[in-house]
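Visitor: Structure provided below as structure tokens; questions to follow.
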Amino acid sequence: MGKKVLVDLSHPFGADIPLWPYFKKPKIDTLHGIAKSGVLTQQLEIVMHCGTHADSPRHVMDKEFNGERARYTHEMPLDCYYGDAVCLDIRTPEWGLISGADLDDAVSRAGMKPEELEGMIIVLRTGMHLKWGDTKDYFHYATGCGAEAGHWFVKHKVKTVAMDQQALDHPLHTSMGLNGLPMNLTGKSGKPITVEYEEKFGKEAYAYFNRELFIELYGEDKYKELYGEVEEKGECEGTWEPCHKLMLGNGITGYENVGGDLEKLVNKRFKLMGFPIRWFKGDGSMVRLVAEIDEDDLNDVPDRVYPYGDH
């Protein structure tokens, strides 16, 4: 065995970091400078869900699925943020919804069986991290997860899921589409992204993001099978961030915006660590996400370079 090395899986942080569509730009102020005070002291005003970060259950729900009040950051065990991990190469088409079959395929190509994932951290590599920027490509058109993936994570008893995309859910499961506090953002064509998606993939595919349409096409029973637990225990419309709810509601923590040198780890196994700050009643936290792996086991790819520092 070679020596152990650390691989940074965090996007760098800075004043121009790409932001989720309704987040305010971070404010970075200098309170003391070297010329005047002899020390450098800076002050930040920021949403903690910027850049590479971990969500806590309280971020998306009042109660977890066991009926207990949803936990804040300080209540989550440290073990949630450290452990044996594998990076799965997800080959879902761009803007597509990640399926259980996609996840099974990725596990197989990593040389594992799904039952081996129990208690592990899985890192989903979709390639979206390479598009990191203040762009529609990264935020509007990301490949992403939904209820089927959420049920798959619960079924296989994974501990944590880290994703290289804008959120734990597909963009159209969020308020970027018509769920939650809907924005229904405008896409590249000038049409709403919900319209673009239906035109690209068909009504049957778009229905997974729209409760009424799903029930019309697939029936009430199928809807309850896929989204019922989210509605009953998450106390919200089932198509609103169902992967968030199924994961966090069942005690599976998640990282969003995984980046850095992720390409060095595709289909590899390693230790992963990314601890949130010890924030009392926090809803989540930016993290420095790091993998520890045998140097000889790294994929032979160049170090990631961010042309503009933080993107």
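The values are calculated or read from the model by the stated rules, or taken from the named source; none is laboratory data. The structure presented is a predicted model; accordingly, all values stated were derived computationally and were not measured. Positions of Cβ are backbone-derived with ideal geometry, glycine not excepted, and every protein chain shown enters the neighbour counts. To get the accessible areas, we keep the full protein, side chains included, count just its heavy atoms, and leave off ligands, DNA and RNA. Shrake-Rupley method; radii C 1.70, N 1.55, O 1.52, S 1.80 Å.
Visitor: Restricting to segment 77-106, give me the number of residues that are surrounded by fewer than 21 Cβ atoms within 10 Å (Cβ to Cβ) and on the phi < 0 side of the Ramachandran plot.
Guide: The total comes to 16.
Visitor: Give me the residue from segment 180-196 that is open to solvent by 60 Å² or more (accessible area, probe 1.4 Å) and polar (S, T, N, Q) and, out of that set, farthest from GLY234 (Cα to Cα).
Guide: SER189
Visitor: Can you name the number of the only condition in (1) more than 24 Å from GLU225 (Cα to Cα); (2) open to solvent by 40 Å² or more (accessible area, probe 1.4 Å) that GLU115 fails?
Guide: Failing condition for GLU115: (1).
Visitor: Return yes or no: is LYS24 without any contact (Cβ under 8 Å) to a residue 24 or more places away in the chain, among the charged types (D, E, K, R) and part of a loop (DSSP other than H, G, I, E, B)?
Guide: When the stated conditions are applied, LYS24 passes them.
Visitor: OK, next. Are any residues in segment 274-297 surrounded by fewer than 19 Cβ atoms within 10 Å (Cβ to Cβ) and either within 28 Å of PRO171 (Cα to Cα) or in contact with a helix residue (DSSP H, G or I) (Cβ under 8 Å, 6 or more places away or on another chain) (or both), and if so, which ones?
Guide: Of everything in segment 274-297, those that are surrounded by fewer than 19 Cβ atoms within 10 Å (Cβ to Cβ) and either within 28 Å of PRO171 (Cα to Cα) or in contact with a helix residue (DSSP H, G or I) (Cβ under 8 Å, 6 or more places away or on another chain) (or both) turn out to be PHE275, ILE277, ARG278, TRP279, PHE280, LYS281, ASP283, ARG288, VAL290.
Visitor: Taking the condition of being in contact (Cβ under 8 Å) with a residue 40 or more places away in the chain, crowded, with 19+ Cβ neighbours inside 10 Å and either of a type in the set (A, V, I, L, M, F, W, C) or more than 14 Å from GLY146 (Cα to Cα) (or both), how many residues in segment 210-248 meet it?
Guide: Residues that pass the stated criteria total 8.
Visitor: For segment 110-128, indicate whether the set of residues that are touching a residue at least 40 places away in the same chain (Cβ under 8 Å), assigned to a helix (DSSP H, G or I) and of a type in the set (Lys, Arg) is non-empty.
Guide: Looking for residues that are touching a residue at least 40 places away in the same chain (Cβ under 8 Å), assigned to a helix (DSSP H, G or I) and of a type in the set (Lys, Arg), one finds none in segment 110-128, hence no.
Visitor: In addition: Are there any helices (runs of 4 or more DSSP H) wholly within segment 198-266 with 2 or more residues that are under 21 Å from PRO57 (Cβ atoms), and if so which?
Guide: Qualifying helices (runs of 4 or more DSSP H): 220-234, 242-249.
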